[in-house]
Amino acid sequence: MSRVFVTGSADGLGKMAAQLLVDQGHQVVLHARNQARAQDALAAVPGAETVAVGDLASIAQTRDVAEQVNQLGSFDAVIHNVGVGYRDPRRVQTEDGLSHVFAINTLDPYVLTALIQRPKRLVYLSSGLHQSGDISLEDLVWERRPWQGTAAYSDSKLHDVLLAFAMARRWPEVLSNALEPGWVPTKMGGPGAPDDLDAAHRTQVWLAVGNDVAARVSGRYFYHLRPRSPHPAVFDVERQEKLIEACHRFSGVRLPA
């Protein structure tokens, strides 16, 4: 039995992954952005241990979520599932002055990775759209560029793979991987999404707790339980470090060596 923390598990793929983990007999800690959603999450995933509460668009609340998780003890895996989509018609600014897409999809997994007691496995949800992300890593928070929701989302999903691969390199004792769940009909994906919803949550669970050789790897990218080639830029160590330094600068949180 493993103990797993799943961000963004009040609904969608996060809830589905959490429920599958509980069904498999694992201990699961959920996450929701406020108390109302926390109660809904616990009701939706019977058997979950508890829920950490905090809006991950806020750096202060993300720090608090990390503290809540650390107070619960050690974890075998963290699934960085939380994310916002690509339909925003304008740039939404957080209390920290950042694009909320960057804050939630990029900076949150960085801060939680840095502050949560190091688990045995890290799993980062990306997207096939990461292939069109901006590899320059310039204007990360969309202050100078005209806002494009899909491009901002694509950038953030590229960042998630860069972070996963950076952690695989920096923390060789931790299994760190990324995946794309497919374009599926969740609230974020929309009702017309064509991919298989039943397959969309299984890879992250497998990477978090699977004991077969294929799951016990690091620095890999997956789609539906199979390896897939990510954007070549994610293997660039200088680019990985550029993102980490930017996240440190925006958050004030340094990634432990």
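Scanning the range 164-205 for residues that are assigned to a helix (DSSP H, G or I) and at pLDDT below 95, we see that the one that is nearest to GLU241 (Cα to Cα) is ALA199. Among the candidates VAL28, VAL4, the residue that is in contact (Cβ under 8 Å) with a residue 60 or more places away in the chain and either part of a strand (DSSP E or B) or under 16 Å from ALA66 (Cβ atoms) (or both) is uniquely VAL4. For the range 212-257, residues that are among the charged types (D, E, K, R), over 19 Å from ARG202 (Cβ atoms) and assigned to a loop (DSSP other than H, G, I, E, B) total 2. Scanning the range 7-19 for residues that are over 15 Å from LEU179 (Cβ atoms) and either hydrophobic (A, V, I, L, M, F, W, C) or in a loop (DSSP other than H, G, I, E, B) (or both) gives SER9, ALA10, ASP11, ALA18. Restricting the range 84-114 to residues that are open to solvent by 50 Å² or more (accessible area, probe 1.4 Å) and among the acidic types (Asp, Glu) leaves a set whose member that is farthest from GLU138 (Cα to Cα) is GLU95. Taking the criterion of being free of Cβ contacts under 8 Å to residues at least 40 places away in the same chain and under 16 Å from the mean Cα position of the chain (by Cα), no residue of the range 211-257 qualifies. When the range 15-25 is limited to residues that are open to solvent by 20 Å² or more (accessible area, probe 1.4 Å) and without any contact (Cβ under 8 Å) to a residue 40 or more places away in the chain, the one that is farthest from ARG202 (Cα to Cα) turns out to be GLY25. Checking the structure you have, find out if any residue of the range 61-78 is among the basic types (Lys, Arg), assigned to a helix (DSSP H, G or I), open to solvent by 60 Å² or more (accessible area, probe 1.4 Å) and in contact with a Leu (Cβ under 8 Å, 6 or more places away or on another chain). Scanning the range 61-78 turns up at least one residue that is among the basic types (Lys, Arg), assigned to a helix (DSSP H, G or I), open to solvent by 60 Å² or more (accessible area, probe 1.4 Å) and in contact with a Leu (Cβ under 8 Å, 6 or more places away or on another chain).
Consider the range 34-57 and keep the residues that are touching a helix residue (DSSP H, G or I) at 6+ places or on another chain (Cβ under 8 Å) and either within 26 Å of GLN93 (Cβ to Cβ) or among the acidic types (Asp, Glu) (or both). The one that is surrounded by the most Cβ atoms within 10 Å (Cβ to Cβ) is LEU56. Checked against (1) of a type in the set (S, T, N, Q); (2) crowded, with 17+ Cβ neighbours inside 10 Å; (3) more than 21 Å from VAL69 (Cβ to Cβ), GLN148 meets all criteria but (2).
Among residues that are of a type in the set (A, V, I, L, M), in contact with a Lys or Arg (Cβ under 6 Å, 6 or more places away or on another chain), crowded, with 16+ Cβ neighbours inside 10 Å and at pLDDT 95 or above, ALA208 is included. Each residue in the range 115-145 was checked for being in a loop (DSSP other than H, G, I, E, B), of a type in the set (Val, Ile, Thr) and open to solvent by less than 20 Å² (accessible area, probe 1.4 Å), and 2 pass.
The values are calculated or read from the model by the stated rules, or taken from the named source; none is laboratory data. Predicted model, so just to flag it, every value in this text is computed and none were measured. Here Cβ is always computed from backbone atoms with ideal geometry, including for glycine, and neighbour counts include all displayed protein chains. Protein only, heavy atoms only, side chains kept; ligands, DNA and RNA dropped before computing areas. Shrake-Rupley method; radii C 1.70, N 1.55, O 1.52, S 1.80 Å.
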